[in-house]
1. Apply the a/c threshold of 1.5 to the C-alpha gyration tensor of the stretch 73-192 and tell me whether it is rounded, prolate or oblate.
2. Among bridges DSSP assigns within the chain, what percent are antiparallel (round to 5)?
3. With a cut-off of at most 13 other beta carbons within 10 Å, and DSSP calling the residue loop, which chymotrypsin sites (Phe, Trp or Tyr not before Pro) in the stretch 71-177 qualify? Please list them.
4. Largest first and to the nearest Å, give the Cα extent of the chain along each principal axis.
5. List the residues whose amide H sits under 5 Å from the amide H of G18, counting only those 5 or more places along or on another chain, with H placed 1.01 Å from N in the peptide plane.
6. Quick query: amide H of V243 versus all other amide H atoms, modeled in the peptide plane; which residues come in under 5 Å with a sequence gap of 5 or more or a different chain?
7. Pairing the Cα long axis of helix 206-217 with the longest principal axis of the chain, what angle in degrees results, from 0 to 90 and rounded to the nearest 10?
8. Residue by residue through the stretch 157-162, what is 3J(HN,Hα) from phi via Karplus (6.51 cos²θ - 1.76 cosθ + 1.60, θ = phi - 60°)? Round to whole Hz and write x for glycine and proline.
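Only the coordinates and a few stated rules stand behind these numbers; no lab work does. All values derive from a computational prediction rather than experimental measurement. Cβ coordinates were reconstructed from backbone atoms using ideal geometry, including for glycine residues, and neighbour counts include every protein chain displayed.
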Amino acid sequence: MKIPMYQVDAFTDKVFAGNPAAVCPMEKWPEDSVLQSIAAENNLSETAFFVPEKGGYRIRWFTPVSEVDLCGHATLASGYVLFHEFKIQSDEIRFFSKSGELRAMREGDLLSLNFPSQPPRPCEMSETLVEGLGTKPVEVLCSEDYFAVYSNEAEVRTLHPDMSKLRQLDLRGVIVTAPGDRADFVSRFFAPKVGIDEDPVTGSAHCALIPYWSKKLNKEKLHAQQLSRRGGELFCKNLGDRVTIAGRAVKFMEGQIMI
């Protein structure tokens, strides 16, 4: 079996930055074990697979150790491949996923994702979470992930979490966030439980970040930065029960998987 594969850096306009995702277009689904093995072999935070389906594409995402229900940067990378490599003429692509229908739209030099909003809700500030982060946040909420709020960008930038502690938490991962110095807000994302100690740029985390900061700052449109080593830039909009997450992407590599 020969499977085409593209590696795309998402939420950046240059290679060696943003979040790298592998994208594998397929005609039909192989066994799940094959998908997981490919993702493990790639050893990137996410590998996206998609298959044509009436009206769009069925998309799935795998970390090196498990399948996840939603991934932003690998969806952006998939949209990039369809627009730029497959030369899709429409300005909108529909993806069908475990998290419902998602859309990728071409907006000038940006690609925009339309995702469900996941506003965080108050929750207990557990001892394990605080020990794992190493510094006590101002506030802790949760949605799909724990959501820890700090006072300023410097606190988020200088965190050195204990991944063995964070791995013990019951949710997927931990979003840490604060007001930004040059952006409306900044964030980092840790998910050692699913094989990703720190994700370079996390589109899906912004499903929670956008409604939180939109309400906090009383702004519909928001500029965001993720403060990983590679870094990423996102242009966000709060639509109520949906959010849009936009950014740029660039192809790093293309080839074939031989199995």
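1. On the way: a/c = 2.57, a/b = 2.00, b/c = 1.29.
Verdict is prolate for the stretch 73-192.
2. For the chain, the DSSP antiparallel bridge percentage is about 80.
3. Numbers: sites: Y80, F83, F86, F95, F96, Y146, F147, Y150; in loops: F86, Y150.
Here the chymotrypsin sites (Phe, Trp or Tyr not before Pro) that fit, given the DSSP loop and packing criteria, are F86.
4. Its Cα atoms span 50, 37, 31 Å along the three principal axes.
5. G231
6. Amide H to amide H, under 5 Å and 5 or more residues apart or across chains, V243 pairs with F115, S117.
7. 40
8. Karplus-based 3J(HN,Hα) across the stretch 157-162 equals 4, 9, 5, 10, x, 8 Hz.
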